[in-house]
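Undergrad: Dropping a structure here in C-alpha cells format, bear with me for questions.
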Amino acid sequence: MATYTQILYHIVYGTKNHNGTLDLERHDELCRYTAGILMKKNCFVYKVGGYTEHLHILTELHPTITLADFVKDIKLAQSKWIKENNIFPAFDNWQDGYGGFTCSWKDKERIINYIANQAEHHSHKTFREEYIEMLKQAGVKY
C-alpha cells in the first residue's frame with residue numbers, strides 16, 4: 001500500500017538574537033534558495049517569506065523526513081550559502097530553536113497571504129509579538 005499524507009507545516013525561526021540582519025533588498029534571494037532546498041528534499045513549497053530577523057516556511061514534508069532534521073538541514077544549508085556568497089554581511093547565524101505548527105488545509109491560502117505580507121504585518125508588530133501570538137494560538141506553552 002502507498003503512503004499518503006497531507007500535513008501542512010508552518011515553520012518559523014529567527015536570526016541569532018533576532019538581529020535584523022536579513023536585508024530586505026536580498027531577502028527574495030534567500031527565499032528562492034530556501035524553496036530550492038525544499039524541492040530537493042521532495043517537499044512541496046507553498047510559500048517562503050519573512051522579514052529582517054526571521055523566516056516563515058509553509059510546506060508539506062516528504063513522509064520520510066522528520067521536522068527536526070528538516071529544520072536543522074535547512075538552517076545549515078542557508079547559513080553556508082549566506083556566508084559563502086556574502087548575501088547578508090551582518091548575518092551571524094540562526095537561533096537555536098524554531099516554531100513548527102501544523103495547519104488546516106482550509107487555512108492554506110490565509111497563511112500564504114500572511115507570509116507574503118510580512119513587511120506590512122511588521123509595521124505594527126514585532127517578531128517577538130508575532131511569535132508569542134502564534135504560540136498562544138497553537139496552545140503551545142512557552
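Undergrad: Restricting the search to the stretch 44-57, which residues are within 16 Å of residue 102 (Cα to Cα) and either in contact with a Cys (Cβ under 7 Å, 6 or more places away or on another chain) or open to solvent by 30 Å² or more (accessible area, probe 1.4 Å) (or both)?
TA: Within the stretch 44-57, 44, 45, 46, 47, 48 qualify.
Undergrad: Return the residues of the stretch 6-18 that are open to solvent by less than 70 Å² (accessible area, probe 1.4 Å) and either over 21 Å from residue 113 (Cα atoms) or of a type in the set (Val, Ile, Thr) (or both); say none if nothing qualifies.
TA: So the first thing to find is which residues in the stretch 6-18 are open to solvent by less than 70 Å² (accessible area, probe 1.4 Å), and the list is 8-15.
Within the stretch 6-18, 11, 12, 15 qualify.
Undergrad: Given the conditions (1) closer than 23 Å to residue 7 by Cβ; (2) surrounded by fewer than 16 Cβ atoms within 10 Å (Cβ to Cβ), report the number of the one that residue 124 does not fulfil.
TA: (1)
Undergrad: Now a separate question. Pick from the stretch 71-100 the residues that are closer than 24 Å to residue 139 by Cα and more than 11 Å from the chain's Cα centre (by Cα): which of them is surrounded by the fewest Cβ atoms within 10 Å (Cβ to Cβ)?
TA: Filtering the stretch 71-100 down to residues closer than 24 Å to residue 139 by Cα leaves 71-72, 95-100.
Checking the rest, the ones that are also more than 11 Å from the chain's Cα centre (by Cα) come to 72, 95-97.
Numbers: 72: 13, 95: 14, 96: 8, 97: 10.
By that ranking, first place goes to 96.
Undergrad: Here's another thing I want to ask about it. On the given criteria, is residue 41 open to solvent by 30 Å² or more (accessible area, probe 1.4 Å), within 13 Å of the chain's Cα centre (by Cα) and charged (D, E, K, R)?
TA: Values: open to solvent by 30 Å² or more (accessible area, probe 1.4 Å): yes; within 13 Å of the chain's Cα centre (by Cα): no; charged (D, E, K, R): yes.
No, not satisfied.
Undergrad: Still on this model: Can you list residue pairs whose Cβ atoms sit under 8 Å apart, with the first residue in the stretch 5-27 being on the phi > 0 side of the Ramachandran plot and the second being open to solvent by 10 Å² or more (accessible area, probe 1.4 Å) and of a type outside the set (Ser, Thr, Tyr)? Count only pairs 6 or more apart in sequence or on different chains.
TA: Once the first residue is on the phi > 0 side of the Ramachandran plot and sits in the stretch 5-27, its partners that are open to solvent by 10 Å² or more (accessible area, probe 1.4 Å) and of a type outside the set (Ser, Thr, Tyr) give 17/92; 17/95; 18/53; 18/95; 18/127; 18/128.
Undergrad: Restricting attention to the stretch 17-28, report how many residues are under 13 Å from residue 79 (Cα atoms) and part of a helix (DSSP H, G or I). Give the derivation first.
TA: Here is the first cut: in the stretch 17-28, the ones under 13 Å from residue 79 (Cα atoms) are 21-22.
Subsequent filtering for residues that are part of a helix (DSSP H, G or I) retains none.
Number satisfying all stated conditions: 0.
The values are calculated or read from the model by the stated rules, or taken from the named source; none is laboratory data. Because the structure is a prediction, the values reported are computed rather than measured. So basically every Cβ, Gly included, is an ideal-geometry build from the backbone, and we count neighbours across all protein chains shown. Heavy atoms of the whole protein, side chains included, go into the accessibility calculation; ligands, DNA and RNA do not. Shrake-Rupley method; radii C 1.70, N 1.55, O 1.52, S 1.80 Å.
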